[in-house]
1. Tell me the residue from Gly191, Gly232 that is of a type outside the set (Phe, Trp, Tyr), within 30 Å of Gly88 (Cβ to Cβ), at pLDDT below 90 and more than 38 Å from the chain's Cα centre (by Cα), please.
2. Pairs only if they're at least six apart or on different chains, beta carbon under 9 angstrom, first in the range 263-276 and farther than 22 Å from Ser185 by Cβ and in a strand (DSSP E or B), second open to solvent by 60 Å² or more (accessible area, probe 1.4 Å) and among the aliphatic types (A, V, I, L, M); list them, first residue then second.
3. Does the range 84-105 hold any residues that are in a strand (DSSP E or B) and either of a type in the set (A, V, I, L, M) or surrounded by fewer than 17 Cβ atoms within 10 Å (Cβ to Cβ) (or both), and which are they?
4. Quick check on Tyr163: is it within 30 Å of Leu204 (Cα to Cα) and out of contact with any Gly (no Cβ under 7 Å at 6 or more places or on another chain)?
5. So Gly133 ticks every box in (1) open to solvent by 40 Å² or more (accessible area, probe 1.4 Å); (2) under 23 Å from Lys96 (Cβ atoms) but one. Which box is left unticked?
6. Taking Gln123, is it out of contact with any helix residue (DSSP H, G or I) (no Cβ under 6 Å at 6 or more places or on another chain), among the polar types (S, T, N, Q) and assigned to a strand (DSSP E or B)?
7. Looking only at the range 139-155, how many residues end up being surrounded by 15 or more Cβ atoms within 10 Å (Cβ to Cβ), part of a strand (DSSP E or B) and in contact with a Pro (Cβ under 8 Å, 6 or more places away or on another chain)?
8. Within the set of pairs 6 or more residues apart or between chains, which connect a residue that is charged (D, E, K, R) inside the range 124-135 to a residue that is not in a loop (DSSP other than H, G, I, E, B) with Cβ atoms less than 8 Å apart?
Amino acid sequence: MENSNKRVFILITALGILLSACSQVGQGISTTDTAEPEPALAQVTETSRPPSPTNVATITPSATVEPTSTPTQVPQISVDENTNCRSGPGVDFPNKGVLRVGEVADVIGRSTVPDYWFVTNAQLPEDGCWLWGEFGQVEGDVDVLPVFTPAPSPTPQVGFIVYVKSFVDCGYAKNVVFGVKNAGSERFWSGYVEVQEIGTGEVLYKARERHPFAANVEPACPPGHGNELWPGETRYIHVPISPENLGVSAVGIITLCTADHRGGTCLTEYSYFYLK
């Protein structure tokens, strides 16, 4: 009985020791402080780079297109009759060229003088000249053209050049055709023509004509006449000579005047020739 009680005591003691040990183990573990494993850090090296993107479109800035202005059409002029182009807007200015029928000139300026245009083209001076618009037709907007103030009118100069152009048969007579060029700045309206034999002074022909200027050398029977001689122009004077006077040396005495009936300023020039 005594041995049985010892064994019970030993079991109870052992059980108490065991329960005491389990209690101590439970106190060392917290249910709220759960340990989490620390994440492993990736090893970074200097050669590590993000992957290069593929198929990435490159955007190139487009060039800015500057707006272009529409060029303005230069007005142009044509004429119904051959028209002198002068250094100034008026007949007192020297002639610099002629705009002929069928030609076209660029109009690059207007004048304070009515109906004159400052023009140029391949046949006219590069620095331009003044064209009278009496026989002209202008196409284009002239309101945008600059207005040029012309130089003062020059002092009118009177002068012409005379020479023998040819000899033309006209019936029984032989016509001496004198070429006459107006080298001054005033037009000629009338003239007086005389032909004398050199040496004897015999008058072979003499006539006073209001408008003796023919536009052409031929036809000579009868010759054309009735044209004024404008500055820069060349026209022709026909003088009939009797066949009896052929073979002599002669001189043509040409007097031209700036007004009708030998009025205004008159000038005389001479042309020597052999009548053949």
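The values are calculated or read from the model by the stated rules, or taken from the named source; none is laboratory data. These figures come from a predicted structure and were not determined experimentally. For neighbour counting, all protein chains shown are included, and Cβ atoms are generated from backbone atoms with ideal geometry for every residue, glycine included. Each accessible area value is taken on the protein alone, full model and side chains, heavy atoms only, with ligands, DNA and RNA left out. Shrake-Rupley method; radii C 1.70, N 1.55, O 1.52, S 1.80 Å.
1. Details: Gly232 fails: more than 38 Å from the chain's Cα centre (by Cα).
None of the others qualify; the one that does is Gly191.
2. From the range 263-276, the pairs are Tyr272/Ile198; Leu275/Leu246.
3. Val98, Leu99, Ala105
4. no
5. Answer for Gly133: the failing condition is (1).
6. Against the criterion (out of contact with any helix residue (DSSP H, G or I) (no Cβ under 6 Å at 6 or more places or on another chain), among the polar types (S, T, N, Q) and assigned to a strand (DSSP E or B)), Gln123 does not qualify.
7. So the count comes out to 0.
8. Here the result reads Glu126/Thr120; Asp127/Thr120; Glu134/Thr83, each pair linking the range 124-135 to a residue that is not in a loop (DSSP other than H, G, I, E, B).
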